[in-house]
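First comes the structure, then the notes that go with it.
The values are calculated or read from the model by the stated rules, or taken from the named source; none is laboratory data. Model, not experiment: these values are computed from the prediction. Backbone-built Cβ (ideal geometry, glycine too); neighbour counts: all protein chains shown. Protein only, heavy atoms only, side chains kept; ligands, DNA and RNA dropped before computing areas. Shrake-Rupley method; radii C 1.70, N 1.55, O 1.52, S 1.80 Å.
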Amino acid sequence: MGWTSHLLIAPIVLPLVAGALLLMFDERRHTLKAAISLASALTLLVMTVVLLRFADSGDPAGTATTSVYPLGNWPAPFGIVLVLDRLSALMLVLTSALALAALVFSLARWHKSGPHFHTLFQLLLMGLNGAFLTGDLFNLFVFFEVLLAASYGLVLYGSGQPRVRAGLHYIAINLAASSLFLIGVSLIYGVTGTLNMADLALKIPAVPAEDRMLLEAGAAVLGIAFLVKAGMWPLGFWLPTAYTAAAAPVAAIFAILSKVGVYVILRLSLLLFGADAGATAGFGSSWLLFGGMATIAFGAIGVLASQAMGRLAGFYVLVSSGTLLAAIGMASVSVTSGALYYMVSSTLAISAFFLLIELVERAQDPAANVLAVTMEAYGDDMDEEEAPEEVGLAIPGTLAVLGLCFVGCALLLAGLPPLSGFIAKFALLTAMIDGNENARMWVLAALLLLSGLSAMIAMTRAGIRTFWAPIEGTVPRVRVSEIVPVGFLLVLCLVLTVQGGSVMRYMDATAQSLHTPMNYVRAVMSTAQVPGPKAAESQ
């Protein structure tokens, strides 16, 4: 095995070692702990980019892009395997980019607001990376619980009754989802006798008719567990409140947590219930399509109804998840390609917006916010002659920078040109409408356009209240380490726009490989044991 093959396990080992090392130092040594955590995040980003290039080194059809790492040197399906392909590599890079931005933002003040922030952050990264790399359902559950345990501590990080209340709700809902996960996995194992994803893809078509109902029940229960995490309506009622109450850097990295559910559903639906699954082919696709559309509608209404920017961002997470779930339900290669591009763009934009909200709200007086809403609802009774004489006021530099970042987030969330949000929605709409006379696709296309319109209205309203309202506000004190992460995420969206052709080629190749899962299955099942030192010497 080459060094790149051994590098496959590094995204799990590195944050695990860093998190354990951080526990050995006193909590008062903030600088040292921050340096270790930041070095780990930077190294992780570099390694995941290397893995992305390695995964993309094969042909566009995807036959040479799946790398398998047998832990314990046991071949599949008997041993645990880590699997790297274009999709998992993409999720690793996206996670590490968000992690670096959120971590740098937290260094201004948040990492000192409570104990073990950096340890919890590193363990969250370990769980996320493990979930994206694992090749069997049992270890998916293990890594899922690791990232959830770390997220429990992070969602409660800080102080305040609203955060504690939302955090406890978050913990209760996710514990219930974990129970469903175990039930679903148990049912699937009872029918097939295996939990290796590649082995399941081979055995599911041969499941007898009398056991098929039990298999589908297990798959449905397992799907509900991940749909709770993805936030599909009506299972995602908890998400906007929890994300709004979380600290800014925590909410920024939580933008990827809902995509864990989307990732697993995308992976399993095409691998286990694709065109080669026999009688169970396409299982659950209609539910995903209609559930995704309902989630888009619910999220768009929530975006319009939100008066606070935190709630607006939380509801837009639902719009993003609904769009992706509906795209998965369509089971089309071109739609999947556009959905992957949309997933990356929307996740970066939402994460940047969560960071920006804290900086913007420092300049606002809570009483002024209430007054602004009241004036909008009931009108302003101030006489014309009492209006202030100042017609034009100079905008401080800090507010100007925040305003430009706010405009960038607004364009991305609304899907307006020229940024990547427009390209993503254009790719999705083109794939849906092109040569398709199905009425459901036209309804979904209309929902996508209306969700963009609702985001544009809500962001315009929030921007006017924040930057152009006549109510007095103070100029926020913003550190360079706080505005740079926001700019970093927005620049990544700009790179997605400028390099749109190359990025879409990667997404096309990823979608093609997902819809031809036998390449994945052959790569995993053909992995042989690595000869030991004595065997190598005898040869």
*Within the stretch 225-239, which residues are touching a residue at least 12 places away in the same chain (Cβ under 8 Å) and farther than 12 Å from GLY299 by Cα?*
ALA225, PHE226, LEU227, VAL228, LYS229, ALA230, TRP238
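Could you list all residues from the stretch 128-156 that are over 21 Å from ASP85 (Cα atoms) and open to solvent by 10 Å² or more (accessible area, probe 1.4 Å)?
GLU145, VAL146, ALA149, TYR152, GLY153, LEU156, listed by residue number.
Residues checked against (1) of a type in the set (S, T, N, Q); (2) under 16 Å from LEU227 (Cα atoms); (3) part of a loop (DSSP other than H, G, I, E, B):
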| position | (1), (2), (3) |
| --- | --- |
| PHE283 | no, yes, yes |
| LEU288 | no, yes, no |
| GLY291 | no, yes, no |
| THR295 | yes, yes, no |
| ILE301 | no, no, no |
| LEU304 | no, no, no |
| GLN307 | yes, no, yes |
| GLY310 | no, no, no |
| VAL317 | no, yes, no |
*So which residues in the stretch 98-118 are open to solvent by 10 Å² or more (accessible area, probe 1.4 Å) and at pLDDT 90 or above, if there are any at all?*
LEU100, VAL104
*Test ALA277 against the stated conditions and say whether it is at pLDDT below 85, open to solvent by less than 20 Å² (accessible area, probe 1.4 Å), aliphatic (A, V, I, L, M) and more than 19 Å from LEU94 (Cβ to Cβ).*
yes
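With the structure loaded, tell me whether SER57 is more than 21 Å from THR510 (Cβ to Cβ) and either out of contact with any Phe, Trp or Tyr (no Cβ under 6 Å at 6 or more places or on another chain) or open to solvent by less than 60 Å² (accessible area, probe 1.4 Å) (or both) or whether it fails that test.
Answer is no for this residue.
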_Which listed residue is at pLDDT below 90 and in a helix (DSSP H, G or I), from LEU94, LEU7, LEU38_ = LEU7
*Which of (1) in a helix (DSSP H, G or I); (2) farther than 20 Å from THR95 by Cα does TYR341 not meet, given it meets every other one?*
(2)
*Here are some residues: LEU125, LEU175, LEU180, LEU187. Which one is open to solvent by less than 10 Å² (accessible area, probe 1.4 Å) and not basic (Lys, Arg)?*
LEU125
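Can you confirm whether the stretch 418-426 contains a residue that is assigned to a helix (DSSP H, G or I), open to solvent by less than 30 Å² (accessible area, probe 1.4 Å) and charged (D, E, K, R)? Don't jump to the end; show me each part of the working.
Just the residues of the stretch 418-426 that are assigned to a helix (DSSP H, G or I), to begin with: 420-426.
Now narrow it down to the ones that are open to solvent by less than 30 Å² (accessible area, probe 1.4 Å): 420-421, 424-425.
With charged (D, E, K, R) added as a condition, the list becomes 425.
Yes, the stretch 418-426 contains a residue that is assigned to a helix (DSSP H, G or I), open to solvent by less than 30 Å² (accessible area, probe 1.4 Å) and charged (D, E, K, R).
Output the residue which, of all residues in the stretch 486-527 that are among the polar types (S, T, N, Q) and part of a helix (DSSP H, G or I), is surrounded by the fewest Cβ atoms within 10 Å (Cβ to Cβ).
So the residue we want is SER502.
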*Given the conditions (1) open to solvent by less than 20 Å² (accessible area, probe 1.4 Å); (2) of a type outside the set (Ser, Thr, Tyr); (3) closer than 17 Å to ALA277 by Cβ; (4) modelled with pLDDT of 90 or more, which single one is not true for ALA201?*
(4)
*asked:* Just to verify a result, which residue in the stretch 427-448, among those that are free of Cβ contacts under 8 Å to residues at least 12 places away in the same chain and of a type in the set (A, V, I, L, M, F, W, C), is surrounded by the fewest Cβ atoms within 10 Å (Cβ to Cβ)?
replied: ALA439
